[in-house]
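Right, one structure below, let's go through it.
The values are calculated or read from the model by the stated rules, or taken from the named source; none is laboratory data. Since we're looking at a predicted model, the values are computed, not measured. All Cβ positions, glycine included, derive from the backbone under ideal geometry; neighbour counts span all protein chains shown. In case anyone asks, the SASA skips ligands and DNA or RNA and just uses the protein heavy atoms, side chains included. Shrake-Rupley method; radii C 1.70, N 1.55, O 1.52, S 1.80 Å.
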Amino acid sequence: MLEDLEQFIAALEPAVGSASALIIYSRREAGFSAGADLRELYEASLGLTSAQRVSGARAFLERVHRVLNTIDATPLTTIAAVHGVTFGGGFELALACDLIIADKMTRFCFPELRLGLIPGFGGIPRLRRDVGNAVVRDLLLTGRSINAAKALSAGLVSQVAGEGEALRVARATASQAGKFDRTTSAAAKGFLKPIPHEELRREIDLFCELFERPTVVESLRKFVEDEGAHPYLP
Amino acid sequence: MKTLEQTTDEILGLAAQHFKIPREQLAPSDDFYKKLKIDSLRALELITRLEHHFGIELPDYEVQGVTDFRTLASRIQARL
């Protein structure tokens, strides 16, 4: 998945001159994205020393941040058209976009604290950039999920679409945004949406600090091995 | 104010409609994970549907450990 995103951003720059907007969406029925593959993360951790685990995690996070910072900074108007489960890394990808248009059945969540971690793909700084601290703390510290209507009222989502309509609404929005002079739109975007580089860096450091602890591997093991119906509930 | 019975009945109707199973196959004491053959991610669809229908917020930690429709109804009832 990360390799695909890296290829995508490599192809993005040449397209900037001929396009005005970028819509990111998913064809998966269950939702936009449930986030990082925890099984993969757990299996990659097995047999490694704590230092090796952290070093691998840091290298991985640096790559993810390069991708999301590129999406965040592109002069194109970026729109995440989301539906269903929009959790963890999927939520963080949406937050890198300029606008989030959510199907009414969307749910947003940062479940990372359940594993003894914080979001590592820029979720906290980007969420803080967009919404008030009360919402940030509620989402982070309770690990609860919220629906599209709540996200709209919190200022996280720009528009709520009917079921199955997020992509259509995103296309109409992209078409509208594309009517304006690109230089002006890009300048406005740069002014309105600065990238919080310093906080993003600190987030990587804190994630790595937390990831070093054996309790995190144990939490990942429990999650991966849980065959019950409700491992996602806190 | 709805009664617990009314709320339960509306939940059963919504669950039947959303997961496309006959309403008469659902009972208040059913384990909805088993009866609807869903996992926790799909249970969130039901929670979202219920939030819209009843016009409430239902934090997922409030339904932690809840597996039957009647108890779910009591959690919703507390938010109406």
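Computed values, structure above
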read-out	value
Among (1) within 22 Å of A:Ala10 (Cβ to Cβ); (2) out of contact with any strand residue (DSSP E or B) (no Cβ under 6 Å at 6 or more places or on another chain); (3) buried (at least 17 other Cβ atoms within 10 Å of the Cβ), the one test that A:Ala57 misses	(1)
Candidate set from region A:96-122 (those that are touching a residue at least 40 places away in the same chain (Cβ under 8 Å) and in a helix (DSSP H, G or I)); member that is surrounded by the most Cβ atoms within 10 Å (Cβ to Cβ)	A:Pro111
Region B:37-50: number of residues that are among the hydrophobic types (A, V, I, L, M, F, W, C) and either touching a strand residue (DSSP E or B) at 6+ places or on another chain (Cβ under 9 Å) or farther than 12 Å from B:Leu72 by Cβ (or both)	4
Residues within region A:137-159 that are open to solvent by less than 50 Å² (accessible area, probe 1.4 Å) and part of a strand (DSSP E or B), tallied	3
Selection within region B:24-64 - more than 7 Å from chain A (Cβ to nearest Cβ) and acidic (Asp, Glu)	B:Glu24, B:Asp30, B:Asp31, B:Glu62
Residue selected from region A:1-50 under the condition more than 25 Å from A:Thr74 (Cα to Cα), of a type outside the set (Val, Ile, Thr) and part of a loop (DSSP other than H, G, I, E, B), by the criterion nearest to the chain's Cα centre (by Cα)	A:Asp37
Of the criteria (1) surrounded by 19 or more Cβ atoms within 10 Å (Cβ to Cβ); (2) modelled with pLDDT under 95, which one B:Gln64 fails	(1)
